[in-house]
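**Student:** Questions regarding the structure given below will be posed in turn.
The values are calculated or read from the model by the stated rules, or taken from the named source; none is laboratory data. Note that this is a predicted model, so its numbers are computed, not measured. Cβ placement follows ideal geometry from the backbone for every residue including glycine, while neighbour counts extend to all protein chains displayed.
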Amino acid sequence: MSRERGYVSPLLSNLASDWAAKAREGLVGHIVFPRFAVGKPTGKYATFSAEEAFKVPDVTMAGERSRANEIASSGKMEKYATTRYAGKSFIDEGDLQFMEGPFKLWEKRKTEMLVTKLELAQEKRIADKILGITGRSTTLNGTGAAAGKKWAEASDTAGGDPAADIRAAIAQCFFRPNLMVIPETVYDAIEFHPRLLDKLGEANLIKKVDEANLAKLFRIDRVIIAKGKADFGKPSAGKSLTLSNIWGNNVVLAYTSDIWDEPCAGKTVTVNYPQADNSGYVVRTWDEKDGGMLGGEYVQVGHDVEELVVSKNLIYSIKDVL
């Protein structure tokens with residue numbers, strides 16, 4: 001492939017996929033919507049309702065020559081089409097001379113930076129998709145000690161009834177959720193919440209709320225504190241930064257699965273490009289003569305993905321808890 005078109009680097013592409021695991025630390029989107037490699041950007045996937053997941057037809061064979069009833073696929077097939085996301089960054093020719101192991105140092109650094117940006121962007125897409133599902137959330141309002149009230153009041157004292165609100169959310173899913181996502185700011189507000197501590201009782205020797213005892217209290221396999229923060233606004237002249245929690249002040253309960261055709265909250269499909277020799281990221285480089293003192297090189301990192309809701313009835317959000 002000519003340098004004008006660029007060179008797809010299997011080595012950098014695999015570095016990008018490896019770095020993505022580090023970039024996801026503190027992120028939860030890849031857990032709520034597990035990733036599946038596909039061979040092309042379009043296809044079909046199964047979606048599920050409670051009826052499709054639980055309905056059992058008559059399986060009786062009445063006579064000697066009777067025939068078994070035909071049972072259709074339990075899911076409803078829907079089409080998907082992936083979207084390409086990418087970013088690129090310029091490296092001055094003077095910086096390209098330095099090596100670090102098998103990589104040019106600045107190619108490695110730029111690849112890692114671009115992967116991190118793409119991972120944060122995908123985290124936001126998944127959060128926005130989940131929190132935007134119609135009819136699958138409740139919003140807390142006002143102050144007080146009752147269910148439906150905000151969990152932290154203006155005076156920074158504990159409010160509401162988190163236990164009651166979480167149990168009500170669990171009841172909205174036809175499979176018991178196996179994952180609860182709590183943004184870090186929300187966890188900070190409920191770490192010593194008296195009504196949660198009261199539910200945990202004397203068995204809670206450390207007298208605080210943590211992921212392990214929350215999981216036991218609500219019989220949920222995994223409770224994760226989401227730490228992702230970013231500024232998704234347009235660059236400003238003053239280069240000001242406004243960090244915000246990607247998941248806001250919203251708690252999400254979901255049933256997740258890494259089995260392709262099983263009822264679950266959702267999944268992410270990512271196209272496997274053979275040129276990159278991996279599933280996931282594609283890194284391409286090309287010469288750029290019009291830049292820097294001596295020219296240079298562009299590094300572009302991209303992936304071809306789509307985030308899919310498999311069953312909206314296996315997702316429920318408690319919004320604006322603070």
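**Student:** From the list 132, 144, which residue is out of contact with any Leu (no Cβ under 9 Å at 6 or more places or on another chain) and modelled with pLDDT of 95 or more?
**Tutor:** 132
**Student:** While we're here: Please list, ordered by first then second residue, the pairs with beta carbon atoms under 7 Å, 6 or more apart or interchain, first in the stretch 18-43 and in a helix (DSSP H, G or I), second acidic (Asp, Glu).
**Tutor:** Correct list of pairs: 19/112; 20/119; 23/119; 29/123.
**Student:** Then there's this: Would you call residue 302 crowded, with 18+ Cβ neighbours inside 10 Å, modelled with pLDDT of 90 or more and under 15 Å from residue 20 (Cβ atoms)?
**Tutor:** Taking the combined requirement at face value, the residue satisfies it.
**Student:** For the stretch 215-259, give me each residue that is part of a strand (DSSP E or B) and touching a residue at least 40 places away in the same chain (Cβ under 8 Å).
**Tutor:** 222, 223, 224, 225, 226, 230, 245, 251, 252, 253, 254
**Student:** Something else now. What is the one condition in (1) among the small types (Gly, Ala, Ser); (2) over 20 Å from residue 88 (Cβ atoms); (3) at pLDDT below 90 that residue 295 does not satisfy?
**Tutor:** Among (1) among the small types (Gly, Ala, Ser); (2) over 20 Å from residue 88 (Cβ atoms); (3) at pLDDT below 90, the lone unmet condition for residue 295 is (2).
**Student:** Of (1) surrounded by 20 or more Cβ atoms within 10 Å (Cβ to Cβ); (2) closer than 27 Å to residue 262 by Cβ, residue 159 satisfies all except one. Which?
**Tutor:** Against the list (1) surrounded by 20 or more Cβ atoms within 10 Å (Cβ to Cβ); (2) closer than 27 Å to residue 262 by Cβ, residue 159 comes up short only on (2).
**Student:** Could you check residue 148 against (1) in contact with a Lys or Arg (Cβ under 7 Å, 6 or more places away or on another chain); (2) buried (at least 16 other Cβ atoms within 10 Å of the Cβ); (3) on the phi > 0 side of the Ramachandran plot and say which number it fails?
**Tutor:** All conditions pass for residue 148, except number (1).
**Student:** Pick out the one residue from 6, 29, 87 that is on the phi > 0 side of the Ramachandran plot and either surrounded by 16 or more Cβ atoms within 10 Å (Cβ to Cβ) or at pLDDT 90 or above (or both).
**Tutor:** One residue alone meets the criteria, 6.
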